[in-house]
Amino acid sequence: MNTQDYFRDGVAVVTGAGSGLGRAMVQRFAAAGMGVVALDIDGARAEETARMVRGTGGQAMAMQVDVADAAAMEGAAVATARAFGACTVLCANVGVQQFGALDRLTARDWRWVLDVNVLGVVHTVNSFLPLIRKSSGHRHIAVTASSASLTPGVRMGAYTTSKYAVLGYTETLRMELAEEKIGVTSILPAGMITRHLESSAAARPAALGQAEIRREDIDVMMASRKMDTAGHVASPEHAVRHLLEDLAANERFVITHGEYRVQVMETYEAILRAHDRGQEA
Ligand SMILES: NC(=O)c1ccc[n+]([C@@H]2O[C@H](COP(=O)([O-])OP(=O)(O)OC[C@H]3O[C@@H](n4cnc5c(N)ncnc54)[C@H](O)[C@@H]3O)[C@@H](O)[C@H]2O)c1
């Protein structure tokens, strides 16, 4: 079966679909003949994504949701069932960025990042899993982690912590759903040219006050991760170029782009050295 046939007639639900990677995912699924549901805290941008799909003859619905709000996500699943009767691919893609040295982040900053990036994924999956289970055909859940899940950098500790948690969650989900033949994939993009900082600032609850963004934090972070911005920052469209093939193959990890093999090797070699020391008498 070719990859397009694998997805055709399915229904894809994507969070964070008003922009960047989420919008590019929606467009990829729609081009494969799937009905799509675009969810975003920015309802106007979600609707714009759905309109783009309808403009090319596809079927699309949009809804304004905050992934940190479990009840809102339940509502989105009910609306999806009503409109499409199924969910065969779910992309839990929302993540917000919060720069700052660890000792400058407040407890409220932490709570927001963890509520959206970690519990947001949990609410997304918990709300849609019953519908996925009832849906027939090839079923898949993709969760957007980050290169930060493998290569930590300074000045983005809250984000990195949340993306490590996302990876642990998704790895467990993959094991727990394997018997039901629901595929699960962790997507780990490196830097992308998106509205991430702008949309994170817009989505931040007013009660937290404005996030303090220092240019210096971004420069120090980039230097600590030894990543070359010129070569390793990509468009979201580039990041999704193999998405359908990767999901159809039920890849465990998808590294969309970016070159950080050296950092990954350093980390895993350190773990293996620690492991081997642990075997010594
Ligand atoms: N941009 C990068 O460099 C980069 C790198 C690695 C991983 N990622 C991850 O990719 C994913 C997509 O980010 P992007 O770069 O496309 O950013 P983006 O800003 O273009 O898109 C994110 C979307 O999420 C929405 N959103 C924010 N908070 C929300 C909430 N509480 N509920 C619902 N929607 C919410 C925003 O309105 C926005 O439309 C995120 O998980 C991000 O952490 C991004």
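What follows is calculated from the coordinates using simple rules that are stated; it is not laboratory data. Please read all numbers here as calculations on a predicted model, not as lab measurements. Every residue, glycine as well, gets a Cβ built from its backbone with ideal geometry; the counts of neighbours run over all protein chains shown.
Based on DSSP H assignment, which helices of the chain show an axial Cα extent of at least 20 Å together with a mean Kyte-Doolittle hydropathy greater than or equal to 0.0? Please list the in-between numbers first.
Details: long enough: 70-84 (21 Å, 0.95); 120-134 (22 Å, 0.59); 157-177 (30 Å, -0.12); 261-277 (24 Å, -0.62).
Span-like helices in the chain: 70-84, 120-134.
Oblate is the label for segment 134-281, because the ratio a/c of its alpha-carbon gyration tensor axes (a ≥ b ≥ c) is 1.5 or higher and a/b is not greater than b/c.
Taking Ala72, Ala30, Ala62 in turn, the Gaussian network model of the chain (Cα-Cα springs below 10 Å) assigns the largest fluctuation to Ala72. Within the listed set Arg204, Arg111, Arg139, the residue fluctuating most in the Gaussian network model of the chain (springs between alpha-carbon atoms under 10 angstrom) is Arg111.
Do any chymotrypsin sites (Phe, Trp or Tyr not before Pro) in segment 229-281 lie in a loop, going by DSSP, with at most 12 other beta-carbon atoms within 10 Å of their beta carbon, and if so which?
On the way: sites: Phe253, Tyr260, Tyr268; in loops: Tyr260.
Loop-located and lightly packed - none at all.
Ellipticity at 222 nm from helices only: DSSP H runs of n ≥ 4 in the chain, each -39500 (n - 2.57), divided by the residue count, give -14500 deg cm²/dmol.
Segment 242-274 and segment 1-77 have their alpha-carbon centroids 26 Å apart. If you run the Gaussian network model on the chain, springs between alpha carbon atoms under 10 Å, then out of His140, His123, His196 the most flexible one is His196.
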